[in-house]
Each structure stands twice: as structure tokens, then as C-alpha cells.
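Visitor: Supplied in C-alpha cells, the structure appears directly below.
The values are calculated or read from the model by the stated rules, or taken from the named source; none is laboratory data. As the structure is a computational prediction, the values presented were derived from the model and not from experiment. Cβ: placed from backbone, ideal geometry, glycine included. Neighbour counts: every protein chain shown. Areas reflect the complete protein model, heavy atoms only, side chains present, ligands, DNA and RNA absent. Shrake-Rupley method; radii C 1.70, N 1.55, O 1.52, S 1.80 Å.
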Amino acid sequence: MADLSSTGQKIARGVGRLLARLNFASLEEFVPHRGLRVDLIAIGPKSEIWIIECKSGRADFMADKKWQGYLDYCDSFFWAVDIQFPTNILPNDGGLIVADAFDAEILRFPEEKPLNAARRKKLIHKFGRDAAKRLRSLRDPDFPYGY
């Protein structure tokens, strides 16, 4: 069973469910480039890449200085928050998703900024390899895979 002890984890689960309904495959805690770790990355049916940053509160948002670096690794960037979050502090150029542990809804879509083909290919390749490694480690958790 998934650990849902934090607000951010609950938001991520609800967003993951939304993404699945939209026919997107998603991964949590994805590293698109050294020094960056996104909360959720999702690949859609047309190979579009979304990054979703989950924020549990004002302090969590104010402490985050890396999110602008994520913009170079997606076609669309979204903030995901719970219903109590003060959304007026979020930048308006990203999309907005409101979520809880069970579901989510997109309130605002961002302007889409398409990735170049080489970066898209590299990210989709890394996404696939990371997903396969995670699945393999669930099947055989005692084997030292080295990743």
C-alpha cells in the first residue's frame, strides 16, 4: 500500500489518478537532469510531456527555488495543490490542479511550450528505463541492481 503520510503524497496520488484518466503514464520523483527532481512527470498519448509540482502549503512553495529549471523539460508545467492552498501566491504562467488523495481536477491549463525533438526523445527514453527499473525492483527487491 502507498505511503500517504504527507499532504504532498496525497496530492501526488490524486493527480496520478487524474493523469491515468487522461491516458497519461506518470512517474513520481523523476530526475530529468542531474540536480532536478520533479514530483510527477507524465507522458500523454501524443508524446506530450507534463511536469506537475505538488505543493503542500505556503512554506513548501516559498522554499522551492528549483521549479523554474523544470520548464526546460516539459511541454506543460502544472502546480498541484490541495483545496486549502493559497493559490494567489502561485505564478499564473503554470497550470493549476487541485487535488486530494482520491482525485484531482485541472482548473487552469498552462500555455504549451513544445520541447525540441532531441530532448523529448531523451526524456521518453529515460522515463521508460526508470519505469522498467522500478517495476523490476518491485518484483525482485533483494537484488542489488545498482540504480
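Visitor: Quote the charge dipole size of region 30-139 about the Cα centre in Debye, to the nearest 20; the model charges only the Cβ of Lys and Arg (+1) and of Asp and Glu (-1). Before the final figure, lay out each step's value.
Guide: On the way: 19 positive and 15 negative charges, 197 e Å.
In debye, rounded to 20, region 30-139 gives about 940.
Visitor: Quick one: go through region 5-42 and flag any residue whose amide nitrogen is under 12 Å from the point 7 Å out along the Cα-to-Cβ line of residue 60.
Guide: 5-15, 39-40
Visitor: What percentage of the solvent-accessible surface of the chain, computed with a 1.4 Å probe over protein heavy atoms, is contributed by carbon and sulfur atoms?
Guide: On the way: 4700 of 8910 Å².
Ligands and nucleic acids excluded, carbon and sulfur reach 53 percent.
Visitor: Residue 111: accessible area at probe 1.4 Å, nearest 10 Å²?
Guide: 140
Visitor: For 138, 19, give the ranking by accessible area with the largest first, probe 1.4 Å.
Guide: On the way: 138 140, 19 0 Å².
From most exposed to least exposed: 138, 19.
Visitor: Additional query: Taking the chain as a Gaussian network, where each spring joins two C-alpha atoms under 10 Å apart, which residue of 91, 32, 110 fluctuates the most?
Guide: 91
Visitor: Of the options 76, 51, 63, report the single residue whose Cα projects farthest towards the positive end of the charge dipole of region 51-107 (beta-carbon charges: Lys, Arg +1; Asp, Glu -1).
Guide: 63
Visitor: From a point 7 Å beyond the Cα of residue 125 in the direction of its Cβ, which residues of region 34-74 have a backbone N at a distance under 13 Å?
Guide: Within reach of a label on residue 125: no residues.
Visitor: If you don't mind, another one. Could you state the accessible area per residue of the chain in Å², with a 1.4 Å probe and every protein chain left in place? Don't skip to the answer; put the middle values down first.
Guide: Working: 8910 Å² over 147 residues.
Result: 61 Å² per residue.
Visitor: So what's region 26-106 giving for Cα Rg divided by 2.2 N^0.38 Å, two decimals?
Guide: On the way: Rg = 12.2 Å, N = 81, 2.2 N^0.38 = 11.7 Å.
Compactness ratio reported: 1.05.
Visitor: Right, something else. Say we join alpha carbon atoms closer than 10 Å with springs in a Gaussian network model of the chain; which of 99, 80, 59 then has the biggest fluctuation?
Guide: Answer for the Gaussian network model of the chain: 59.
Visitor: Here is a further query. Peptides 62-69, 20-27: what's the order by average Cβ count within 10 Å, highest mean first?
Guide: Details: 62-69: 11.1, 20-27: 15.0.
Ranked by mean Cβ neighbours within 10 Å, highest first: 20-27, 62-69.
Visitor: How many nm is it between the label spots at residue 135 and residue 48, if each spot is 7 Å from the Cα in line with the beta carbon?
Guide: Those two pseudo-labels are separated by 2.5 nm.
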